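Asker: After the structure tokens below, expect a handful of questions from me.
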Amino acid sequence: MRVHNFGAGPSTLPLDVLEEAREEFLDYQGSGMSVIEMSHRSPAYQELHAEVLATARRLVEAPEDVEVAIVQGGASLQFAMVPLNLLEPELTAGYAVTGTWAAKAMADASRVGPVYAAWDGTAEGFRRTPADDELVVHAGTRYLHITTNETIGGIRYPEWPRVAVPIVADMSSDFMVRPVDWGRVALVYGGVQKNLGPSGAALVFIHRDLLEATSELPNYLSYRWHVEHRSLGNTPPMFTIYVMGKVLARIEERGGVAALAEETRRKADLIYGAIDRSEGFYRSPVDPAHRSHTNVVFRLSDAELEARFVEEAARAGLVGLRGHRSVGGCRASLYAGLTFESVERLAEFMDEFARR
Ligand code: PMP
């Protein structure tokens with residue numbers, strides 16, 4: 001029996017994608033082999049690969065001068081690649097510290113070059129994202145790094161910030177469920193294991209201007225190298241890309257990013273609705289205007305009751321609801337692969353558990 005999986009990533013994928021992959025597994029399109037056994041230089045794989053890159057670009061509505069790359073190492077490698085590729089002598093970068101992931105991105109960047117906190121929500125306990133006029137951007141700033149959605153804290157920027165420098169965004173937990181404002185954004189990246197597929201890669205969109213400036217880097221760390229080789233400079237994570245292709249095709253069929261953004265908001269409304277009508281039985285620790293649509297974080301009165309909630313939910317087939325180990329509490333991740341029905345089941349369970 002398949003469960004309703006609210007895990008924060010890797011996370012649930014559309015059932016028909018899994019079934020199709022199973023169906024094709026031993027013999028991909030008459031090749032007599034599975035996609036993970038074939039050469040990455042074979043025509044069958046090259047076609048699949050090119051199609052995935054093209055679909056990804058269409059979905060984020062990338063302008064002509066924005067390039068796409070698939071890079072292994074997840075979002076974590078991007079924490080290093082962004083400053084390695086973008087920082088230049090005399091230039092710095094600002095980081096909006098909105099939670100665990102933004103802090104990690106900044107910590108890695110600080111090992112590469114001089115960076116600073118453009119805003120820091122640590123003292124407030126990461127309950128919200130900054131308003132535009134709270135972001136302090138120094139002279140000589142190459143980019144402002146933001147985390148559009150904090151997966152652990154459960155907060156999101158309600159709007160793309162308006163600042164005088166290009167934005168670099170970690171979109172790991174709201175990739176393809178939030179449109180990208182290309183007027184303000186120079187680079188976005190995210191691990192694909194939440195909304196888009198299995199783990200094993202980050203998807204990166206980068207403005208071509210930023211490739212010009214790239215200094216001499218080892219090949220794999222260079223965006224220019226990935227773009228010039230269409231992400232086939234070395235052996236790519238073929239299975240990840242293959243499954244991601246199927247997920248992206250479905251997102252496109254479902255109306256693309258705008259439709260998915262709306263659907264995700266409606267999913268989130270169902271769970272926040274259960275929290276808000278529980279009269280304090282469930283509590284959301286975040287500022288209502290900054291509530292994440294993809295990671296709904298909530299608390300019960302004590303850790304014991306939270307453990308009981310997670311355990312009874314699991315018995316009802318609702319799994320992955322334990323909060324991140326660093327913060328405790330509960331968290332429901334509502335990614336693109338999760339059905340509306342799963343979310344309805346959780347909202348009903350929350351009502352019923354609170355009543356009991
Ligand atoms: N950024 C965010 C917002 C995340 O949620 C995560 C993973 N949960 C990461 C970065 C790190 O991603 P990866 O595991 O792909 O390195």
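Asker: What are the extents of the Cα atoms of region 261-345 along their three principal axes, listed from largest to smallest and rounded to whole Å?
Answerer: For region 261-345, the Cα spread along each principal axis is 35, 29, 26 Å.
Asker: Oh, and also: Roughly how many whole Å is it from the C-alpha centroid of region 183-227 to that of region 34-92?
Answerer: 6
Asker: Then there's this: So how do 47-60, 284-297 stack up, highest first, on mean other-Cβ count within 10 Å?
Answerer: 284-297, 47-60
Asker: Let me ask another. Can you compute 3J(HN,Hα) from phi for each residue in region 81-89, using the Karplus curve 6.51 cos²θ - 1.76 cosθ + 1.60 with θ = phi - 60°, rounded to whole Hz and x for Gly and Pro?
Answerer: With coefficients 6.51, -1.76 and 1.60, one gets 5, 4, x, 4, 8, 9, 6, 10, x Hz.
Asker: I would also like to ask the following. Using the Cα centre as the reference, give the magnitude of the dipole from point charges on the C-beta atoms of the chain (Lys, Arg: +1; Asp, Glu: -1; all else neutral), rounded to the nearest 20 debye. Intermediate values should be presented prior to the final figure.
Answerer: Values: 36 positive and 48 negative charges, 134 e Å.
My answer is approximately 640 debye.
Asker: Can I ask one more? So, with +1 on the Cβ of K and R and -1 on the Cβ of D and E, and no other charges, what is the size of the charge dipole of region 255-355 about its Cα centre, to the nearest 20 debye?
Answerer: On the way: 14 positive and 16 negative charges, 57 e Å.
Dipole about the Cα centre, nearest 20: 280 debye.
Asker: Share of Cα-Cα pairs in the chain beyond 32 Å, in percent? Let's see the in-between values first.
Answerer: Values: 20433 of 63190 pairs.
Roughly 32 percent, once rounded to a whole number.
Asker: Have a look at the DSSP beta bridges in the chain and tell me what percent are antiparallel, nearest 5. Numbers along the way, then the final one.
Answerer: Values: 20 of 39 bridges.
DSSP beta bridges in the chain are roughly 50 percent antiparallel.
Asker: Can you list the aspartates and glutamates whose alpha carbon sits under 12 Å from that of Lys104, skipping same-chain ones fewer than 8 residues off?
Answerer: Answer for Lys104, where 12 Å is the Cα cut-off: Glu150, Asp170, listed by chain and number.
Asker: Let me have the 222 nm mean residue ellipticity of the chain computed from DSSP H runs of 4+ only, each contributing -39500 (n - 2.57), with the sum over all residues rounded to the nearest 500.
Answerer: Working: 10 runs with 128 residues, N = 356.
Estimated from H runs of four or more residues: -11500 deg cm²/dmol.
Asker: Of Val115, Leu346, Ser333, which is farthest along the charge dipole of the chain in the positive direction, counting Lys and Arg as +1 and Asp and Glu as -1 at C-beta?
Answerer: Value computed over the given set: Leu346.
Asker: May I ask you to list the residues of region 285-326 whose amide nitrogen lies under 12 Å from a point 7 Å from Cα along the Cα→beta-carbon direction of Glu344?
Answerer: Those under the cut-off are none; the list is empty.
FYI, it's all coordinate maths here, none of it is from the lab. Predicted, not measured: the structure shown is a model, and the values here were computed from it. Positions of Cβ are generated from backbone atoms using ideal geometry, with glycine treated the same way; all protein chains shown enter the neighbour counts.
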